[in-house]
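Report on one structure; see the data block that follows.
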Amino acid sequence: MSRAATGALGVFARHRGAIALAVALLCLTLAAGSGLLALSGHFLTAAALAAGLAGFDFFGPSAGIRALTFARIASRYGEKLFGHDVTLRVARDLRAWFFARALPLAPLGLGRERTGDLLARLVADIEAADGLLVRALGPLLALMLLAAGTLVAIAFVLPAAALCLALAALAIGAGVPLAIGWGARGAERARARARSVFRQGLQEDLDGAADLLALDAVGDRLARLDADSGALAGCESRLQRRLSWAGLVHGLVAAATLPLLLWLLFDAHHAGAIGAPAAAAVLFAGIALLEAAAGAGLAWQSLRSARASLRRLDDIALRAPAAAEPEAPVALPADGTLALSGVRFDWGGAAPRAVLDGIDLALPPGRRIAIAGDSGAGKSSLLALLLRLRDPDGGRIAFGGVDLREAASADWHRRLAWLPQDAPVFAGSVRENLRLGDPAADDARLWAVLEAVRLADTVRALPGGLDGWIGESGASLSGGQARRLALARALLRDAPILLLDEPTEGLDVDTAHALLRDVARLAEGRSLLLISHDALPPGLVHARYRLRDGRLAEE
């Protein structure tokens, strides 16, 4: 599939009908406005010259003026209505597309990207890109069509006037892009980078506000933030100066064109080649064309900004995922043994380092195992392979005899219930957080799992119970309570394999042991792989392993 189809431009293609309608309405609005001005000039001049004379056709031109007025009002309303609607829809779909493309890359594929930069792409770049056709290409296309139609019409009346306006249109069409783009290579990318740096610093300062206050480092961070803000303001100022130069080009061309057009019209009228009403119509049509061309600079700059933003979005979204999807995926069985055979995994770079070097492990249905290891021993890498965020560099990981590289990632993820070490609690109610694990779970099942993780009394004490609001990142819960809520969410998921990474972190020993016993009871019949440094209650797992020097050793 082509880059255009899979990239951000593919999102615009989904709305091509609505975009075409919005652009057509914009063209109609400009054409109606230009025709209205030309017809009004013709009518007023003719009426003034025919004052007091019988037989002057008053009703025909006035009916045309009224028709063009209503057409302009209706097309203007429709253009705003459909233009804003399609812009909002494109922005919505761009964000959904970007998030859907970026999500499979996390965390390993985006590990080197800063959160602030990703946020800048998700917000500012999409804001610049969503109006590509309505704010940039649409006005430019409408202006070209208006210029073509106006010049053809004037050429039938006075070819010299059409030539004059054609030269003006060419001067604006060449001068405005030149004024905006002269010496501005990379200017839009520089502004995008400066905006990203500013957002990164702001977001990191807000996240670490408490630490900055405690370390008396607020002044230095504010100074750096001011410097980043100044750099962004400098980029914006440079772009605005170029827009001003484009306005100057348009103004100079208009200032030179209108006197020349007037001279041509006076000369033609004096020679009897054109009547006064027709000359007025040509003059006002030229004024309307020059007035419409005043927006060319802003449209051209919007085009450059949108193209730079689209490149930044595609730079993230079109990265190949670390785990390639098979062209013809094999269906996984509903249940089976998770088996690792000679699994090897290297961190890349100039000097590749083997993190996992010949891992062999079997996790049949109903078996519970625990894995411990020092920091940096490779536990996170092992979990990344099990979650198929990466494929192994050697060996094989299979479920029910099917190599995971031959199965669709979504199919494999349906076999997993996963509790990460930093499991998020989302802003919303307890019910909404729990139903991420099982959208169909009824209240009885929700209360049962809350009882199992010893969180039911806490939830009952919340205003609204299951519908109680727990704030962003579980702000109304303690760290241990948020951890138990995330565990409850994982236990709700009807999956044959449970992967738990430090499930008792933040809990006291007695509560942790009681919780782990409940986990063992709730996981009856499922496979359980537990990553934990803590002492485990007797009988919780069937086997314990330690990860050392890239290999598993049973304890």
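The values are calculated or read from the model by the stated rules, or taken from the named source; none is laboratory data. These figures come from a predicted structure and were not determined experimentally. So basically every Cβ, Gly included, is an ideal-geometry build from the backbone, and we count neighbours across all protein chains shown. What goes into the accessible areas is simple: the full protein's heavy atoms, side chains included, and nothing from ligands, DNA or RNA. Shrake-Rupley method; radii C 1.70, N 1.55, O 1.52, S 1.80 Å.
For the reader, a short list of remarks on this structure follows.
- In segment 438-454, of all residues being open to solvent by 10 Å² or more (accessible area, probe 1.4 Å) and part of a loop (DSSP other than H, G, I, E, B), the one that is nearest to HIS413 (Cα to Cα) corresponds to ASP438.
- Failed condition for THR87, given (1) surrounded by fewer than 20 Cβ atoms within 10 Å (Cβ to Cβ); (2) modelled with pLDDT of 85 or more; (3) of a type in the set (Ser, Thr, Tyr); (4) under 26 Å from the mean Cα position of the chain (by Cα): (1)
- Where helices (runs of 4 or more DSSP H) sit wholly within segment 455-554, those with at least 3 residues that are in contact (Cβ under 8 Å) with a residue 12 or more places away in the chain occupy 479-492, 509-522.
- Taking segment 179-191 as the range and being open to solvent by 60 Å² or more (accessible area, probe 1.4 Å) and touching a residue at least 12 places away in the same chain (Cβ under 8 Å) as the test, the residues that pass are TRP182, ARG189.
- All positions within segment 304-333 that are under 20 Å from ALA408 (Cβ atoms) and of a type outside the set (A, V, I, L, M, F, W, C): ARG319, PRO321, GLU325, PRO326, GLU327, PRO329, PRO333
- Test result for LEU385, touching a residue at least 60 places away in the same chain (Cβ under 8 Å) and not hydroxyl-bearing (Ser, Thr, Tyr): no
- Considering segment 114-132, and only residues there that are under 29 Å from LEU21 (Cβ atoms) and open to solvent by 40 Å² or more (accessible area, probe 1.4 Å), the residue that is farthest from the chain's Cα centre (by Cα) turns out to be GLU127.
- Scanning segment 307-328 for residues that are aliphatic (A, V, I, L, M) and more than 12 Å from ARG405 (Cα to Cα) turns up ALA308, LEU310, LEU313, ILE316, ALA317, LEU318, ALA320.
- Evaluation of THR150 against (1) among the hydroxyl-bearing types (Ser, Thr, Tyr); (2) surrounded by fewer than 16 Cβ atoms within 10 Å (Cβ to Cβ); (3) at pLDDT 90 or above (one fails), failing number: (2)
Yes/no per residue for (1) out of contact with any helix residue (DSSP H, G or I) (no Cβ under 7 Å at 6 or more places or on another chain); (2) farther than 23 Å from ALA142 by Cα; (3) of a type in the set (Ser, Thr, Tyr); (4) open to solvent by 30 Å² or more (accessible area, probe 1.4 Å):
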{"site": "LEU260", "(1), (2), (3), (4)": "no, yes, no, yes"}
{"site": "ALA279", "(1), (2), (3), (4)": "no, yes, no, no"}
{"site": "LEU289", "(1), (2), (3), (4)": "no, no, no, no"}
{"site": "LEU313", "(1), (2), (3), (4)": "no, yes, no, no"}
{"site": "ARG319", "(1), (2), (3), (4)": "no, yes, no, yes"}
{"site": "ALA323", "(1), (2), (3), (4)": "no, yes, no, no"}
{"site": "VAL330", "(1), (2), (3), (4)": "no, yes, no, yes"}
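- For GLU524: the one exception among (1) open to solvent by 20 Å² or more (accessible area, probe 1.4 Å); (2) closer than 20 Å to ALA384 by Cα: (2)
- Residue in segment 545-553 that is surrounded by 17 or more Cβ atoms within 10 Å (Cβ to Cβ) and on the phi > 0 side of the Ramachandran plot present: yes
- For segment 192-217, a residue qualifies if it is aliphatic (A, V, I, L, M), surrounded by 13 or more Cβ atoms within 10 Å (Cβ to Cβ) and over 30 Å from LEU140 (Cβ atoms), and the qualifying residues are VAL197, LEU202, LEU212, ALA217.
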